[in-house]
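The structure under discussion appears below in the form of C-alpha cells.
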Amino acid sequence: MATWIKQNCISFFQLFCIKVIKNGRVPQHLAFIMDGNRRYAKKLSVNCSAGHVKGFDKLSETLKWCLDLGIPEVTVYAFSIENYKRSTSEVDALMDLARDKFKRFLDEIDQINEWGVKLHIAGRLSLLPSDLQVILSKAMLATKNNNKLRLNIAYSYTGRDEISRAASHIVDSVQNNDLSPDDIDEDLITQTLDLGAPELLVRTSGEVRLSDFMLWQVSNTVLYFSDVLWPEFTIWNLLGAIIHFQRHAPPLPEEKENSPVQQKFLKKLENKKWQELEKIISF
Ligand code: FPP
Ligand code: MG
C-alpha cells in the first residue's frame, strides 16, 4: 500500500468539486503549517506521538488532493528548529516517525517516481541524527529528476535560519569573487533560499502566527487560517482555502531574468548542494 500519497480517498462527488474549482486559478505553490497534532491526541486521550502519526496520514491524503487539483508544488512545515526544545521523548518519536516514513519512501521509490514526486528537504540537515541525514539525502537524490509534484518538507527549519544560510552563501561567493556586492539584489536573495514563494499558505488549529515559516517568501502570499486541527483537516477545508485564494489572489508577478554572473552563482550553489548530499550518503 502506498504510504506517501494515499490512494482511493476521493469520492466521485469530491472529484466533481475538484473539477469545478480547477476552472478558476489554482495556486501553483501551496504551503501548510500542519498544526494541532497534540491537541488532537489530547482530545482522543492518546499519546502525542499518535497525534503526529495521524498528522502524517493527513499529509499523505492532502498530497493526493493536491495532485488531483494539479498543484505542482507543496511545502509543509514538519519540524522546526524550535521543536528541538520539546521533550526528548517527543523529539525522539518525531525522528523515529521520519526514519520510518522516509525508509518507506525509498522502499516505494518506483511508485514515487511514477507519480513524478521530487522531494526537497529544506532546513539545517546537520542538526539531525546522522542516520536520518543519510536517509533524507538518499531520498532527495533518488527523486532528483522528477518534475510532476515538487514536495518540500521543512525539517529542522526556521525561516530566519534559512535567510542566514543564504546570506552566508552570498558572503562566501563575494569573498571568492564569484559575486560582487552590485550583483546582490532581492531576486538573488530569493533564489538563494531553500524554498520559493508560496501563492497560498494554510495554517490549521486556530493559531494565526507564522512561527518563523518562510518569512522572506510570504511577502505577497495569500494567508488562510483554519480552526480545524491538522489531523482533522478535510478536502472541504482545502477547497475552502482554494476558494479563499481565488477571491484574494494578487496578479501574477513579472518574471525577471538573472544576469550571467547571478546565473553562474546559482548554478554553482545548486551543484554544491547536490555534492553535499552525495558526500553524506558516501560515509
Ligand atoms: C504541529 O502540531 C506539528 C508538528 C510539530 C509536527 C508535524 C509533523 C507531522 C504532521 C508528521 C510529518 C512527518 C513526516 C515524516 C514528514 P503540534 O505538535 O504543535 O500540536 P499542538 O499545536 O496541538 O500542540
Ligand atoms: Mg502547535
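Structure notes:
- Once the C-beta distance of Ser45 and Asp227 is scaled by a Förster radius of 25 Å, the resulting FRET efficiency is 0.75 to the nearest 0.05.
- Label zone (Ser60, point 7 Å along Cα-to-C-beta; backbone nitrogen cut-off 13 Å) within the range 185-220: none.
- Given +1 at the Cβ of Lys and Arg, -1 at the Cβ of Asp and Glu and no other charges, the dipole of the range 106-158 around its Cα centre is 340 debye to the nearest 20.
- From the largest down, the range 145-220 spans 47, 31, 24 angstrom on the principal axes of its Cα atoms.
- Backbone amide hydrogens, once placed in the peptide plane, bring Tyr157 within less than 5 Å of Phe79, Ser80, Ile81, Arg124, excluding anything fewer than 5 places away on its chain.
- Kirkwood Rh (inverse of mean 1/r, distinct Cα pairs), the range 79-132, angstrom: 12.7
- Kirkwood Rh, angstrom, the range 46-181 [1 / mean 1/r, Cα pairs]: 16.4
- Stretching the chain fully between Gln175 and Lys268 yields a gain of 32.0 nm (0.36 nm per residue, less the alpha carbon separation).
- Summary of packing: across the peptides 52-62, 5-15, the per-residue average of other C-beta atoms within 10 Å ranks them, highest first, as 52-62, 5-15.
- Built amide H within the under 5 Å cut-off of Gly36, gap 5+: Trp230
- Accessible area of the chain divided out per residue, in Å², using a probe of 1.4 angstrom: 51
- The range 30-124: translational diffusion in µm²/s, Stokes-Einstein, Kirkwood Rh over Cα pairs, 20 °C, 1.002 mPa s: 146
- Under 18 Å from Lys148, Cα to Cα: aspartates and glutamates that are on another chain or at least 8 residues apart: Glu61, Asp68, Glu73, Glu108, Asp110, Glu114, Glu199
- Pairs spanning more than 21 Å between alpha-carbon atoms, out of Lys19/Lys64; Lys118/Lys267; Lys54/Lys273: Lys54/Lys273.
- The trypsin sites (Lys or Arg not before Pro) of the range 103-212 that DSSP puts in a loop, and whose beta carbon has at most 15 other beta carbons within 10 Å, are Lys144, Lys148, Arg209.
- Under 5 Å from the amide H of Glu73 lie the amide H atoms of Leu30, Arg150, each residue being 5 or more positions distant or on a separate chain, with H modelled from the backbone and absent for Pro and chain starts.
- Each principal axis of the Cα atoms in the chain has its own extent, and those three values, largest first, are 56, 45, 37 angstrom.
- Rounded to the nearest 0.05, the FRET efficiency derived from the C-beta distance between Leu141 and Ile243 at R0 = 35 Å is 0.40.
- Cross-link partners for Lys58 among the lysines, with Cα-Cα distance under 19 Å and sequence neighbours closer than 8 places in the same chain left out: Lys6, Lys42, Lys43, Lys101, Lys103.
- Between the alpha-carbon centres of the range 135-170 and the range 1-44 there is a gap of 22 Å.
- Those aspartates and glutamates that a straight Cα-Cα span of less than 15 Å connects to Lys256, excepting residues fewer than 8 apart in one chain: Asp183, Asp185, Glu186, Asp187
- Stokes-Einstein diffusion coefficient of the range 49-95, Kirkwood radius over Cα pairs, 20 °C, 1.002 mPa s, in µm²/s: 175
- Our coupling estimate for the range 43-56, obtained by passing each phi through the Karplus curve with A = 6.51, B = -1.76, C = 1.60 and θ = phi - 60°, is 4, 8, 6, 10, 6, 5, 5, 5, x, 5, 4, 4, x, 5 Hz, Gly and Pro reported as x.
- Arg165-Ser259 pseudo-label distance in nm [points 7 Å out on the Cα-to-Cβ vector]: 2.7
- For the chain, the residue among Ser87, Ile243, Ala2 whose Cα projects farthest onto the positive side of the dipole built from Cβ charges is Ala2.
The values are calculated or read from the model by the stated rules, or taken from the named source; none is laboratory data. The shown structure was predicted, so the numbers you read here are calculated from the model rather than taken from an experiment. With ideal geometry, Cβ positions are generated from the backbone for all residues, glycine too; neighbour counts draw on all protein chains shown. Ligands, DNA and RNA are excluded from the accessible area calculation, which covers all protein heavy atoms including side chains. Shrake-Rupley method; radii C 1.70, N 1.55, O 1.52, S 1.80 Å.
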